[in-house]
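A.B. asks: Have a look at this one.
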Amino acid sequence: MGETSTEYGQPYRPLPVSIANRLGRLAASCGIGGRLNVDGLLAAARRKTRLSDFGDEWFVEPLQVLVRAINEEARLTPVGYALQKTRIISALSIRLRAERLLKKHPEILDIDLGGIVLIAGLQRTATTMLHRLIAAHPDMRAVRTWEALNPVPLPGETRADPGRRLRLARLAQKTIAFLSPDFFAVHPVEHDAPEEDVLLLDLSFMSQTPEATMHVPSYADWLERQDHTRSYEYLRNLLKLLHWQRAAGNWVLKTPVHMEHLDLLLKVFPNAVVVQTHRDPKKSTASFLSMVAHSRGILSDHVDVSEIAGHWTRKIRRMMERSIRARNAGHAGRFIDVSYCDLVAEPLRELRRIYRHAGIEFSGDAVKAAEAVSRRNTKNRYGRHVYSLDSFGLSAEEIDRRYDFYRREYRIPDEPAT
């Protein structure tokens with residue numbers, strides 16, 4: 001495997017995708033295709049599923065804001081538009097199927113999810129590594145990629161046989177690796193691996209995913225001014241739906257997005273223990289900005305590294321500030337801190353600390369399972385991720401100044417240069 005590119009302004013394009021984009025632009029010049037339309041997307045989902053009842057349609061407003069931003073700001077390629085259209089119709093279809101299932105089985109909403117370990121560290125602070133280690137525990141349940149993409153059984157499936165969803169997830173894994181091998185090297189989306197529950201928040205069209213994958217500043221600004229209670233309550237309902245399909249004693253959730261909404265999350269999940277991972281921001285910021293740039297390049301030919309740097313350095317500070325505020329609002333005892341350096345050096349020791357704090361046993365089979373995952377998930381399996389602050393017009397001194405308050409709060413050391 002090679003190294004990832006830092007030529008973010010020239011996204012990789014497989015030949016078939018380049019041809020499809022040329023044909024799409026030609027069609028658009030003739031008035032064919034083009035902008036997304038909310039009414040058309042809703043109708044397409046109803047046709048696809050042969051269902052009509054969305055239940056409470058509160059999610060339509062965030063969808064309208066998102067679609068407007070995609071049309072007016074994102075500058076997507078024709079293939080990018082097609083991918084977003086498919087993704088939105090899929091999300092709407094899932095909501096229709098979930099509504100039908102929850103009405104057929106209302107007892108699902110009474111399910112007790114058990115203990116919850118929630119990883120809410122900043123991006124690129126070994127949250128994925130920790131997530132997979134904790135998910136290996138025999139009595140721990142995580143959202144798998146195939147479940148995040150399709151949390152509701154498809155027609156013809158049973159709870160015990162998710163074969164169609166597994167096949168679709170394998171196809172999605174191959175598609176991402178084909179469209180952007182570099183992005184896949186940075187964040188491998190493996191079809192049966194634990195994945196971020198932000199993909200379930202996406203079904204309410206209220207998450208950071210759009211601003212990480214597209215240039216949609218008006219949507220991002222609108223999102224920061226909203227009450228996210230309903231989206232988190234819907235996340236809880238979807239987790240119960242997944243638990244109904246395959247139960248376990250405890251859950252592990254993970255996404256940096258939660259750092260913006262920890263106060264709300266601790267109300268929706270009142271027994272959750274929050275794990276915050278911490279890493280030298282000079283390293284984590286550079287790595288994450290690179291990940292965003294590669295992600296943006298899948299959907300658009302216009303990847304502005306200065307805009308990415310400006311937007312996300314502000315956003316990261318907001319996440320830091322809001323998470324500290326939540327902890328200081330009487331919730332400190334529900335948090336445990338994990339150093340990136342300690343986790344990489346002594347993963348089992350850190351796991352023991354976490355399980356002890358959460359009141360979950362960690363011995364025997366659980367230790368063996370974590371060791372097996374640690375051996376399997378080696379670094380650079382799909383290529384070496386190359387990144388630097390310089391690529392985004394930033395300096396180490398600037399990042400240190402911007403995030404000094406956070407480093408002092410958690411005594412985060414400088415990470416050696418590599």
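A.B. asks: Of ALA326, ALA27, ALA369, which is the most mobile in a GNM of the chain whose springs link Cα atoms less than 10 angstrom apart?
C.D. replies: ALA27
A.B. asks: Go through CYS341, CYS30 and list them by solvent-accessible area, largest first, probe radius 1.4 Å.
C.D. replies: From most accessible down to least: CYS30, CYS341.
A.B. asks: Looking only at GluC sites (Glu not before Pro) in DSSP loops with at most 13 other Cβ atoms within 10 Å, what is the longest site-free stretch of the chain?
C.D. replies: Between the exposed loop sites, the longest stretch runs 58-360.
A.B. asks: Do you know the relative contact order of the chain, to the nearest whole percent, from alpha carbon pairs under 8 angstrom that are 6+ apart?
C.D. replies: 27 percent
A.B. asks: Determine the gain in length on full extension of the stretch GLU72-ARG159; use 0.36 nm per residue of separation and subtract their C-alpha separation, reporting nm with one decimal.
C.D. replies: The span from GLU72 to ARG159 would gain 27.2 nm if fully extended.
A.B. asks: Going by Cα centres, segment 335-395 and segment 16-40 are how many Å apart?
C.D. replies: Using only Cα atoms to place each centre, the spacing works out to 43 Å.
A.B. asks: At 1.4 Å probe size, what's the solvent-accessible area of THR4? Round to the nearest 10 Å².
C.D. replies: The value for THR4 is about 10 Å².
A.B. asks: OK, next. Would you work out the Kirkwood radius for the chain? I mean one over the mean of 1/r across all pairs of different Cα atoms, in Å.
C.D. replies: 22.3 Å
A.B. asks: Still on this structure, I have one more. So how exposed is VAL367, as accessible area in Å² (1.4 Å probe, rounded to 10)?
C.D. replies: 20 Å²
A.B. asks: How much length is gained on full extension from ASP414 to ILE19, taking 0.36 nm per residue of separation minus their Cα-Cα distance?
C.D. replies: 137.6 nm
A.B. asks: Also, quick follow-up: Students often get this wrong, so check it: of LYS48/LYS254; LYS254/LYS283; LYS48/LYS103; LYS85/LYS174; LYS254/LYS368; LYS103/LYS254, which have C-alpha atoms separated by over 26 Å?
C.D. replies: With Cα atoms farther than 26 Å apart: LYS48/LYS254; LYS103/LYS254.
A.B. asks: Continuing with this model, one more query. Computed from the mean reciprocal separation of all distinct C-alpha pairs, what Kirkwood hydrodynamic radius does segment 282-377 have, in Å?
C.D. replies: Taking every pair of different Cα atoms in segment 282-377, averaging 1/r and inverting gives 16.7 Å.
A.B. asks: Starting at 0 and stepping by 10 Å, how many percent of the alpha carbon pairs of segment 238-335 end up in each bin?
C.D. replies: 12, 36, 28, 21, 3
A.B. asks: Sticking with this structure for a sec: Ignoring ligands, DNA and RNA, please state the percent of accessible area on the chain from carbon and sulfur, probe 1.4 Å.
C.D. replies: The computed percentage sits at 51.
A.B. asks: Amide H of LYS254 versus every other amide H placed in the peptide plane: which residues, excluding those fewer than 5 positions away on the same chain, fall under 5 Å?
C.D. replies: ILE119, ASP197
A.B. asks: A further question on this structure: Using modelled amide H (1.01 Å from N, peptide plane; none on Pro or chain starts), what sits under 5 Å from the amide H of ILE116, excluding residues fewer than 5 places away?
C.D. replies: Under 5 Å from the amide H of ILE116 lie the amide H atoms of TRP251, VAL273, each far enough along the sequence or on another chain.
A.B. asks: For segment 318-332 and segment 102-150, what is the centre-to-centre distance using only Cα atoms, to the nearest Å?
C.D. replies: 22 Å
A.B. asks: For LYS85, what accessible area in Å² do you get when you roll a 1.4 Å probe over the heavy atoms of the protein chains, rounding to the nearest 10?
C.D. replies: The accessible area of LYS85 comes to roughly 100 Å².
A.B. asks: Nearest 20 debye, what's the magnitude of the dipole of segment 341-418 about its Cα centre given +1 on Lys and Arg Cβ and -1 on Asp and Glu Cβ?
C.D. replies: Once rounded to the nearest 20, the dipole reads 380 debye.
A.B. asks: Normalised by the empirical 2.2 N^0.38 Å for globular proteins, what value does the Cα Rg of segment 1-121 take?
C.D. replies: 1.42
A.B. asks: Give me the net charge of HIS105's neighbourhood, meaning all other residues with Cβ under 14 Å from the Cβ of HIS105; Lys, Arg count +1, Asp, Glu -1.
C.D. replies: After counting each charged neighbour, the total is +3.
A.B. asks: In the chain, with Lys and Arg counted as +1 and Asp and Glu as -1 at Cβ, which of these residues, MET259, ALA44, SER290, has the Cα nearest the positive end of the dipole, that is, farthest along it?
C.D. replies: ALA44
A.B. asks: Charges only on Cβ, +1 for Lys and Arg, -1 for Asp and Glu: so what's the dipole of segment 1-134 about the Cα centre, in debye to the nearest 20?
C.D. replies: Using Cβ point charges on Lys, Arg, Asp and Glu, segment 1-134 gives about 660 debye.
A.B. asks: Treat every Asp and Glu Cβ in segment 199-286 as -1 and every Lys and Arg Cβ as +1, leave all other atoms uncharged, and give the resulting dipole magnitude about the Cα centre to the nearest 20 debye.
C.D. replies: 400 debye
A.B. asks: Gain in length, ASP365 to ASN37, computed as 0.36 nm per residue apart minus the alpha-carbon separation, to one decimal in nm?
C.D. replies: 113.0 nm
A.B. asks: Ok, one more. On average, how much accessible surface per residue is there in the chain, in Å², for a 1.4 Å probe, leaving out ligands, DNA and RNA?
C.D. replies: Ligands and nucleic acids excluded, the figure is 44 Å² per residue.
A.B. asks: Amide H neighbours of ARG144 under 5 Å, at least 5 residues apart or on other chains, H built in the peptide plane: list them.
C.D. replies: GLU195
The values are calculated or read from the model by the stated rules, or taken from the named source; none is laboratory data. In this text, all values refer to a predicted model and were calculated from it rather than measured experimentally. Cβ coordinates were reconstructed from backbone atoms using ideal geometry, including for glycine residues, and neighbour counts include every protein chain displayed. Heavy atoms of the whole protein, side chains included, go into the accessibility calculation; ligands, DNA and RNA do not. Shrake-Rupley method; radii C 1.70, N 1.55, O 1.52, S 1.80 Å.
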